[in-house]
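Asks: Below is the structure I would like to discuss, written out as structure tokens.
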Amino acid sequence: MTIDKRLQVISYLAPNWFGFYQAIAAYLGRVLKVEFQLQQGKYDPLEDPLLFQDQIDLAFICGLPLIRYSKVGSNQLQTLVAPVMQSSRYSNCPIYYADVIVNANSNIKKFTDLAGKTFCYNDLGSNSGYNLLCHRLIQERYPEKFFGKTLQSGSHQRSIRWVIEGLADCAAIDSVVLEQELKDFPELLQHLRVVEVLGPSPMPPLVVAQRLGISLIQQMQLALLQPDAEMQKVMKQFGVRRFAAVRLEDYDILNQIYSVGVARRRHRSFVDLSR
């Protein structure tokens, strides 16, 4: 397939990984002789008109909004690869966790100590920041209105700062985002403590528009599964061991968890985190 225009790439993920996504776009452009234009998403993916109009060629996206979108935009997006992190906690698999953090100086030692506290989350559509915690509350049959107060921060990075500054008592943070933030700002480490780990969940993937054609899609996937030395250097900097091929079906579990949470909230049978 001959591409005579720049491919539009968007990241809906945390900005502290944007440099990695830039490196991927540059690498694919170098290998495939195609120009890629990358931008940080301005909208929630489920509210982005460019996505609904099929104007995005590649996207870095959280698995939960991806699988939810696939129910309305079927046969539009195809999963390409997802990163596999170097750390042993990821077991050489394309997975991540939600780390529940508190201020290191607080008297919160375990998950049950969060009862009545102020919880902040990045957004309602986030798997790590909201969905997994809802699931934990349902699983363990915690009482309605478990938290005393909830706040929406707008981003994982802001949630981290709010916990440090005392604006919130706790937050659930994507483990990969948290690790990168502590790498970028090591002084934050002394102010935070992880009291619970939720997951694992399938790692947010890179997805591609199916209209680009099977040949180009296969070339992109092969290039990422067999990165050159320059790309491997950037991967190492971000703690990425390798890329793994993933399927859209791998993310079905996230939608199942989300659907249970929605149903329970409608029946007011567990904590309403969004109040």
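Asks: Can you find a residue in the range 62-69 that is surrounded by fewer than 18 Cβ atoms within 10 Å (Cβ to Cβ), modelled with pLDDT of 95 or more and not charged (D, E, K, R)?
Replies: Checked against the condition, which is being surrounded by fewer than 18 Cβ atoms within 10 Å (Cβ to Cβ), modelled with pLDDT of 95 or more and not charged (D, E, K, R), the range 62-69 yields no hits at all.
Asks: Let me ask you something else. Determine if the range 254-265 includes at least one residue that is of a type in the set (D, E, K, R) and at pLDDT 95 or above.
Replies: For the range 254-265, residues of a type in the set (D, E, K, R) and at pLDDT 95 or above: absent.
Asks: So which of 64, 50 ends up being touching a residue at least 24 places away in the same chain (Cβ under 8 Å) and within 22 Å of residue 129 (Cα to Cα)?
Replies: None of the others qualify; the one that does is 64.
Asks: Note down all Cβ pairs under 8 Å where the first residue falls in the range 75-95 and is on the phi < 0 side of the Ramachandran plot, the second is of a type in the set (Ser, Thr, Tyr) and part of a strand (DSSP E or B), and they're at least six residues apart or on different chains.
Replies: Pairs that qualify, where the first residue is on the phi < 0 side of the Ramachandran plot and the partner is of a type in the set (Ser, Thr, Tyr) and part of a strand (DSSP E or B), are 85/96; 89/97; 90/96; 95/201.
Asks: A further question follows. Is it the case that residue 99 is surrounded by 15 or more Cβ atoms within 10 Å (Cβ to Cβ), at pLDDT 95 or above and more than 27 Å from residue 46 (Cβ to Cβ)?
Replies: No, not satisfied.
Asks: Could you list, in sequence order, all residues of the range 46-69 that are more than 13 Å from residue 12 (Cβ to Cβ) and not in a loop (DSSP other than H, G, I, E, B)?
Replies: Within the range 46-69, 49, 52, 67 qualify.
Asks: Restricting to the range 134-151, count the residues that are part of a loop (DSSP other than H, G, I, E, B), of a type outside the set (Ser, Thr, Tyr) and either within 17 Å of residue 258 (Cα to Cα) or more than 24 Å from the chain's Cα centre (by Cα) (or both).
Replies: The qualifying residues number 7.
Asks: Next question, about the same structure. Among 73, 41, which is closer than 24 Å to residue 259 by Cα and of a type outside the set (Val, Ile, Thr)?
Replies: The unique qualifying residue is 73.
The values are calculated or read from the model by the stated rules, or taken from the named source; none is laboratory data. Keep in mind it's a predicted model, so treat the numbers as computed, not measured. Please note: Cβ atoms are built from the backbone with ideal geometry, for glycine as well, and neighbour counts cover all protein chains shown.
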